[in-house]
Amino acid sequence: MSAWFNQFYAAIAQSPLSHWLETLPAQLKHWQQEASHGDLPQWQKVLKNLPEVSTNQVDIVSKVAIGAPGEMSEGEQKQTTHLLKRMMPWRKGPFNVHGIEINTEWRSDWKWDRLLPHIEPLKGRTVLDIGCGSGYHLWRMRGEGAQFVVGIDPSDLFLCQFQAIKHFNPDENVHLLPLGVEALPELKAFDTVFSMGVLYHRRSPIDFLAQLKAQLRPGGELVLETLVIEGDENTVLVPTDRYAKMRNVWFIPSTAALKLWMERVGFKDVQIKDCAITTLDEQRKTDWMENESLVDFLDPTDTSKTIEGYPAPLRAILTAKA
Ligand SMILES: Nc1ncnc2c1ncn2[C@@H]1O[C@H](C[S@+](CC[C@H]([NH3+])C(=O)[O-])CC(=O)[O-])[C@@H](O)[C@H]1O
């Protein structure tokens, strides 16, 4: 684990991110101490047992698929499937690892397809994905030619899932750090910052937007994806309790309200690029995520509503400049 982070420190030491080294090592040391009391040691064991299989065949441009047929024996494939299943639930993907199809709860590739035509080309860019989950989109960012890709997500499980994929595709320019957005100093160094599916989990969304802006170099691009509702610039839904059975949903603005919030924190050229209802094909239960999924979160008699009676999940993609 220290090796993962040491690789990251070495990679940023001579870069515009070097000032991160003033705070990051102490934070990750603290995280390591805390995490050692949870499930992390068990997932680390899983990672240690993954077979060593190298490949030159990696497709991270049209999907995330690693390996060519025949590189992994049938026995290794069985063993790997068993080990990866010990890291369930797999939510964001899908991944194909040496023929093993990790059919995740979400078709994260569909979100990627929706946003890619609308963003500045990633070629040569240093990018940050805040709340990156298992890191599916990190690979797709690298696939678009980003030079250096960093994801942050506070979940220990998602870090380990990411490391499992990285084990089979050890790209030194793709990293995931177990941090929440609140742990970031004002880095002002990234060319593009993504944050998808996180704003509604924040109690203070305007502060969150300011934190995103503080990670960008002047002129850098924000790509923001979040739940929205229909309405004008003063429309925002604050659920009385749960939203789609999630306890931690705080603010669901209209796209017009969100645009206003972004402008109020100083973003320029804010544009609403896409708005899509989440379908039952995009988020569903699979062999790799056996818990409840979207179908269980919607009103069984009217799927335009959540089970609590709110508008069903509608997601928008906005871009803006720092
Ligand atoms: N304080 C925090 N700071 C950063 N991340 C956080 C925080 N709290 C929770 N998260 C993380 O934000 C992610 C939200 S999921 C979107 C994944 C991906 N981006 C996707 O667009 O598919 C959307 C959803 O499941 O509702 C999870 O991985 C959390 O661990």
> Given the residues Val193, Val198, Val223, which is the only one that is at pLDDT 95 or above, within 13 Å of the ligand (Cβ to nearest atom) and in contact with a His (Cβ under 9 Å, 6 or more places away or on another chain)?
Replying inline: Val223
> Are any residues in segment 193-214 surrounded by fewer than 24 Cβ atoms within 10 Å (Cβ to Cβ) and of a type in the set (S, T, N, Q), and if so, which ones?
Replying inline: Ser204, Gln211
>> Could you check segment 164-180 and list, in sequence order, the residues that are surrounded by fewer than 20 Cβ atoms within 10 Å (Cβ to Cβ) and either within 11 Å of the ligand (Cβ to nearest atom) or within 25 Å of Pro239 (Cα to Cα) (or both)?
In response: Leu179, Gly180
> For segment 109-141, what are the residues that are crowded, with 22+ Cβ neighbours inside 10 Å, more than 10 Å from the ligand (Cβ to nearest atom) and assigned to a helix (DSSP H, G or I)?
Replying inline: Trp139, Arg140, Met141
> Considering only residues of segment 234-272 that are free of Cβ contacts under 8 Å to residues at least 60 places away in the same chain and of a type in the set (Lys, Arg), which is nearest to the ligand (Cβ to nearest atom)?
Replying inline: Arg247
> Quick one: how many residues across segment 147-157 are surrounded by fewer than 23 Cβ atoms within 10 Å (Cβ to Cβ) and either within 11 Å of the ligand (Cβ to nearest atom) or small (Gly, Ala, Ser) (or both)?
Replying inline: 5
> Of the residues that sit in segment 169-187 and are charged (D, E, K, R) and free of Cβ contacts under 8 Å to residues at least 40 places away in the same chain, which one is nearest to Asp113 (Cα to Cα)?
Replying inline: Asp171
> Just for segment 95-108: of the residues that are touching a residue at least 40 places away in the same chain (Cβ under 8 Å) and farther than 15 Å from Asp171 by Cβ, which one is farthest from the ligand (Cβ to nearest atom)?
Replying inline: His98
> Any idea which of Thr126, Thr81 is without any contact (Cβ under 8 Å) to a residue 24 or more places away in the chain and among the polar types (S, T, N, Q)?
Replying inline: Thr81
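Yes/no per residue for (1) over 30 Å from Leu83 (Cβ atoms); (2) among the basic types (Lys, Arg):
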residue: Asn169; (1), (2): no, no
residue: Gly180; (1), (2): no, no
residue: Thr192; (1), (2): yes, no
residue: Tyr200; (1), (2): yes, no
residue: Asp207; (1), (2): yes, no
residue: Gln211; (1), (2): yes, no
residue: Arg217; (1), (2): yes, yes
> Under 8 Å by Cβ, and 6 or more places apart or on different chains, what pairs join a residue from segment 284-302 that is without any contact (Cβ under 8 Å) to a residue 24 or more places away in the chain and on the phi < 0 side of the Ramachandran plot with one that is small (Gly, Ala, Ser) and surrounded by fewer than 19 Cβ atoms within 10 Å (Cβ to Cβ)?
Replying inline: Asp299/Gly309
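The values are calculated or read from the model by the stated rules, or taken from the named source; none is laboratory data. Only a predicted model underlies this, so the values are computations on that prediction, with no experimental measurement involved. Backbone-built Cβ (ideal geometry, glycine too); neighbour counts: all protein chains shown.
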